[in-house]
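Inspection log for the structure reproduced underneath, given as structure tokens.
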Amino acid sequence: MSGLESLYQELILDHAKNRRGFGLAEPGAHSATVHQRNPICGDEITLRVDVEGDRVASVTWEGAGCSISQSSASMLVALLQEDGGAEGMAKTDVEALITQFREALRSRGKIPLDEETFADAAALSGVSKYTARVKCAMLAWVALEEGLRQA
């Protein structure tokens, strides 16, 4: 295993153990709660997104499953909380991140996630080589996408 792969594995395990944004916040006036399940491996995520105007105010979640699904949810929240938090991040910017993430994970390793854009979530680039694991990594991102449509 290369040094970079080892670092990525450590990041995934850290986020799986120390989950950022874990625990559902009280629903706000413009929030949506979405439950997603991966029936193949039993991963489950319940995600709550609170939207204020055209901005994502907060994202919280609860779930159970493999380290990839749990760390991906944690990495998503950490990404949205960078530089002062999700507060102020436009819904359209979050939707664009989800689209780019999906594209990279479905590329079978051809499109790596940019570390500058995706921060720790770039560690999930290697998952794209394992099609059975793509759903695990996408679970929280799909939940957020659905939550943004509902909120």
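Within the stretch 36-51, the residues that satisfy the criterion of being out of contact with any Ser or Thr (no Cβ under 9 Å at 6 or more places or on another chain) and not basic (K, R) are P39, I40, G42. Here S67 meets the list (1) out of contact with any helix residue (DSSP H, G or I) (no Cβ under 6 Å at 6 or more places or on another chain); (2) surrounded by fewer than 18 Cβ atoms within 10 Å (Cβ to Cβ); (3) under 19 Å from R37 (Cα atoms) almost entirely, failing just condition (1). Listed here are the strands (runs of 3 or more DSSP E) enclosed by the stretch 1-68 that have at least 2 residues being under 14 Å from the mean Cα position of the chain (by Cα) and among the charged types (D, E, K, R): 43-52.
Taking the criterion of being touching a Gly at 6+ places or on another chain (Cβ under 9 Å) and exposed (fewer than 14 other Cβ atoms within 10 Å of the Cβ), the residues of the stretch 1-34 that qualify are E5, H30.
Within the stretch 139-151, the set of residues being within 13 Å of the chain's Cα centre (by Cα) and more than 17 Å from R19 (Cβ to Cβ) comprises V142, E145, E146, G147.
Return only the number of the condition from (1) surrounded by fewer than 18 Cβ atoms within 10 Å (Cβ to Cβ); (2) in contact (Cβ under 8 Å) with a residue 40 or more places away in the chain; (3) not hydroxyl-bearing (S, T, Y) that L79 does not satisfy. Among (1) surrounded by fewer than 18 Cβ atoms within 10 Å (Cβ to Cβ); (2) in contact (Cβ under 8 Å) with a residue 40 or more places away in the chain; (3) not hydroxyl-bearing (S, T, Y), L79 violates only (1). Taking the stated definitions as given, is V134 crowded, with 22+ Cβ neighbours inside 10 Å, among the β-branched types (V, I, T) and touching a helix residue (DSSP H, G or I) at 6+ places or on another chain (Cβ under 7 Å)? Spelling it out, it is not the case that V134 is crowded, with 22+ Cβ neighbours inside 10 Å, among the β-branched types (V, I, T) and touching a helix residue (DSSP H, G or I) at 6+ places or on another chain (Cβ under 7 Å). Please work out if A96 is more than 15 Å from Q36 (Cα to Cα) and of a type in the set (G, A, S). Yes.
Coordinate-derived values only; no laboratory data. Not measured: the values here are computed from a predicted model. Here the Cβ is made from the backbone with ideal geometry for all residues, glycine too, and neighbour counts use every protein chain on show.
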